[in-house]
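Note sheet for the following structure.
The values are calculated or read from the model by the stated rules, or taken from the named source; none is laboratory data. Predicted model, so just to flag it, every value in this text is computed and none were measured. Cβ placement follows ideal geometry from the backbone for every residue including glycine, while neighbour counts extend to all protein chains displayed.
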Amino acid sequence: MKERWEIILSGVGGQGLIVSGSILGEAATIYENKNATLTSSYGTETRGTFTKSDIIISDGDIYYPEVMKEDAVLALAQVAYNRYVGSLDEEAVLIYDSGLVEDVKASRAKQLGFPITDIARELGNPAVANIVALGIIVKLTGVVSPEAVVKAIEGRFIKKPRVVELNTKAFNRGMELVKD
Amino acid sequence: MEQNRRIRFIQGNEAIAEGAIAAGARFYAGYPITPSSEVAEVSSVRLPQVGGLYVQMEDEIGSIAAIIGASVAGKKSYTATSGPGFSLMQENLGVAVMAEVPCVIIDVQRSGPSTGLATKPAQGDVMQSRWGTHGDHGIIVISPSSVQDCYDLTIQAFNLSEKYRTPVIFLADEIVGHMREKAVLWEPSPDQIINRKKPTCDPKDYKPFKPDEDGIAPLAAYGSEYVFRVSGSTHDETGFANSKPDNADRFIRHYTDKIEKNKKDIVILRRFNLEDAEYAIVTFGCSTRSALEAMKIARNMGKKVGVLQLVTLWPFADDGVRELCRKVKGVVVPEMNLGQVIREVKRVNENNIPIVGVNKVNSEAITPFEILAGIEEVER
């Protein structure tokens, strides 16, 4: 098992990346007794401009809470994709929304495109694109167990059973998108 | 899971609000400002649940005035702000010093001066927290470096505030305030909580500014049978204005001495790998995280690097830093400002060892690699 996982969730404000990052952090810390940090960079606008969250997950202490070497990057917008496509190395995986990122470029990183937001729409709400993406990330990396994520979803939306159901469905759908 | 111990994945600002409530605070008055607003948000929900009161004020001048009032009425009280609001609070901070009113002021630092970059971090309020209000006085300033610190040290801030009858400044920053991290919210036992001394004398004999043998005067509550006066004017033991030179001299020295002469009790330092260190990083707040990462990388390279974290910024840890400067060959001081703490480190550097600042004011966190470059500089 890797000692330190470094993951970036990027897109534009309003896509729920801090929520999905928090669910990942809760899964790691509350349900798997690991350490995790989540730091976000955002503008003064609430929606529409570039935003990213850095998530570090480790069995040991986490000092510097920002990503130094990306293991996985999620890009849910062209502006986010453009930011990372050129700078990642071979060991990183770049996951992008193929319905939103139209201009795909060459990268040293392994690139995987999925119609994330379209799938979320099919499930009934484009707002769960962040959770579909979380399923992809967890399946690809194994950074936390799927069970811990489901528990974190249940814990976070404890008073809203329908929200739990939709998000769990979105998470499982994301997992299924990744072929073994 | 034990009932009195909750593991949460929350922001530093949320942990500050939870820490305040765990410490017994029951009154918040404030004016929301990025990057401190979550302290207000969580307090507005949580305080009413525990019988407390949350008030959103018209501005920061009113906010600190309200918490001073609530505190003399007997409730532990606090406010949270950032640079622009902290500037507005400076005059009434002096009132809290002069009237010896326990209260906790949380400043989640952002890039300044003025409005600056509202969502971006900085550590530029170090000297303002020490000297921002006019006149000689002592002050306690505590700086957290993790979400757990935000909880634990907020409790400590209230304890010191109550013990020394003084405002305490909790000097956080955008990185620590907004970062989400694992925190254990533990329920303090009664012996882990300090409450202000109350008078036991006959109400007609009560002198609100007459120190006991420990140097601190008991504080009655407004609305009780003890009737007393507090104001911003220089006063004597009775609380009434007194302009005699010997009285002014006594009280102004008292405001400084009650803090500076109790450093042993107040100051918290954390030492990492300093036993065999040849070079040290002296750090505080968010930069501690970069410093510890730099230490880890340097140790892997075979360099004997240690870290001294100033959890308490003020009163300054003269003895601890002086001792460090006697032991190591060089010191690096990373700060997200142009060099505020480094002045204090240099002040106690008796052997004139090399001291290098790593200073960054572009709104981005100092990286471990920038600190490593600083270490290379002192090695030369």
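Is there a residue in the stretch A:3-18 that is more than 13 Å from the chain's Cα centre (by Cα), within 14 Å of chain B (Cβ to nearest Cβ) and in a strand (DSSP E or B)? Yes, because at least one residue in the stretch A:3-18 is more than 13 Å from the chain's Cα centre (by Cα), within 14 Å of chain B (Cβ to nearest Cβ) and in a strand (DSSP E or B). Of note, B:THR115 does not satisfy the criterion of being surrounded by fewer than 23 Cβ atoms within 10 Å (Cβ to Cβ), under 16 Å from B:SER82 (Cβ atoms) and in contact (Cβ under 8 Å) with a residue 40 or more places away in the chain. Right, B:SER129: surrounded by 20 or more Cβ atoms within 10 Å (Cβ to Cβ), touching an Asp or Glu at 6+ places or on another chain (Cβ under 9 Å), within 14 Å of chain A (Cβ to nearest Cβ) and not β-branched (Val, Ile, Thr) or not? Answer is no for this residue. Here B:PHE272 passes the criteria (1) in contact with a helix residue (DSSP H, G or I) (Cβ under 8 Å, 6 or more places away or on another chain); (2) away from chain A (no Cβ under 14 Å); (3) closer than 21 Å to B:GLN123 by Cβ except the one numbered (2). Taking residues in the stretch B:276-303 that are surrounded by fewer than 22 Cβ atoms within 10 Å (Cβ to Cβ), and partners anywhere that are among the hydrophobic types (A, V, I, L, M, F, W, C) and in a loop (DSSP other than H, G, I, E, B), the pairs with Cβ atoms closer than 8 Å and at least 6 places apart or on different chains are B:GLU278/B:VAL328.
Of the strands (runs of 3 or more DSSP E) entirely within the stretch B:262-380, those holding at least 2 residues that are β-branched (Val, Ile, Thr) occupy B:279-283, B:305-310, B:330-335, B:355-359. Checking the structure you have, find out if any residue of the stretch B:245-254 is farther than 21 Å from B:GLU162 by Cα, part of a helix (DSSP H, G or I), among the acidic types (Asp, Glu) and more than 14 Å from chain A (Cβ to nearest Cβ). Yes, some residue in the stretch B:245-254 is farther than 21 Å from B:GLU162 by Cα, part of a helix (DSSP H, G or I), among the acidic types (Asp, Glu) and more than 14 Å from chain A (Cβ to nearest Cβ). Of all the residues in the stretch A:59-82, those that are surrounded by fewer than 17 Cβ atoms within 10 Å (Cβ to Cβ) and either farther than 23 Å from A:GLY48 by Cα or facing chain B (nearest Cβ under 10 Å) (or both) number 5.
The set of residues in the stretch B:239-263 that are touching an Asp or Glu at 6+ places or on another chain (Cβ under 9 Å) and among the charged types (D, E, K, R) comprises B:LYS244, B:ARG250, B:ARG253, B:LYS258, B:LYS263.
If you check B:PRO144, B:PRO199, B:PRO167, which single one turns out to be within 30 Å of A:ILE18 (Cβ to Cβ), buried (at least 16 other Cβ atoms within 10 Å of the Cβ) and in contact with a helix residue (DSSP H, G or I) (Cβ under 9 Å, 6 or more places away or on another chain)?
None of the others qualify; the one that does is B:PRO144.
Quick one: in the stretch A:19-52, of everything that is of a type in the set (A, V, I, L, M, F, W, C), modelled with pLDDT of 95 or more and assigned to a strand (DSSP E or B), which residue is nearest to A:GLN78 (Cα to Cα)? By that ranking, first place goes to A:LEU38. Filtering the stretch B:230-241 to residues that are in contact with a Ser or Thr (Cβ under 8 Å, 6 or more places away or on another chain) and under 10 Å from B:PHE209 (Cβ atoms) leaves only B:GLY239. So which pairs qualify, if the first residue must be in the stretch B:132-160 and farther than 18 Å from A:TYR63 by Cα, the second must be acidic (Asp, Glu) and part of a loop (DSSP other than H, G, I, E, B), the Cβ gap must be under 9 Å, and the two must be at least 6 apart or on different chains? Cβ pairs passing all conditions: B:GLY132/B:ASP125.
In the stretch A:139-159, the count of residues that are modelled with pLDDT of 95 or more, hydrophobic (A, V, I, L, M, F, W, C) and farther than 18 Å from A:GLU26 by Cβ is one or more. Within this structure, B:ARG26 fails the test of being charged (D, E, K, R) and within 14 Å of chain A (Cβ to nearest Cβ). Only one entry of B:PRO199, B:PRO188 meets the criterion of being assigned to a loop (DSSP other than H, G, I, E, B) and in the same structural domain as B:VAL126 (by TED's automatic domain parsing), and that entry is B:PRO188.
This table checks each residue for (1) farther than 24 Å from B:ASP214 by Cβ; (2) in contact with a Lys or Arg (Cβ under 9 Å, 6 or more places away or on another chain); (3) surrounded by 15 or more Cβ atoms within 10 Å (Cβ to Cβ); (4) modelled with pLDDT under 95.
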{"position": "B:ASP249", "(1), (2), (3), (4)": "no, no, no, no"}
{"position": "B:ASP257", "(1), (2), (3), (4)": "no, no, no, no"}
{"position": "B:VAL267", "(1), (2), (3), (4)": "no, no, yes, no"}
{"position": "B:PHE272", "(1), (2), (3), (4)": "yes, no, yes, no"}
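When B:TRP314 is tested against (1) under 30 Å from B:THR166 (Cα atoms); (2) of a type in the set (Phe, Trp, Tyr); (3) in contact with an Asp or Glu (Cβ under 8 Å, 6 or more places away or on another chain), exactly one condition is not met: (3). When restricted to residues that are within 14 Å of chain A (Cβ to nearest Cβ) and either buried (at least 19 other Cβ atoms within 10 Å of the Cβ) or touching a residue at least 60 places away in the same chain (Cβ under 8 Å) (or both), the stretch B:1-23 contains 11. The helices (runs of 4 or more DSSP H) falling completely within the stretch B:26-108 that include 2 or more residues that are crowded, with 23+ Cβ neighbours inside 10 Å and hydroxyl-bearing (Ser, Thr, Tyr) map to B:60-72. Could we say that A:PHE171 is more than 27 Å from A:LYS2 (Cβ to Cβ) and crowded, with 16+ Cβ neighbours inside 10 Å here? Considered against the rule, which asks whether it is more than 27 Å from A:LYS2 (Cβ to Cβ) and crowded, with 16+ Cβ neighbours inside 10 Å, A:PHE171 comes out as no. For the stretch B:163-182, the tally of residues that are over 16 Å from B:ALA17 (Cα atoms) and within 11 Å of chain A (Cβ to nearest Cβ) stands at 1. For the residues B:GLU213, B:GLU225, the requirement of being without any contact (Cβ under 8 Å) to a residue 12 or more places away in the chain and either closer than 30 Å to A:ASN35 by Cα or assigned to a loop (DSSP other than H, G, I, E, B) (or both) singles out B:GLU213.
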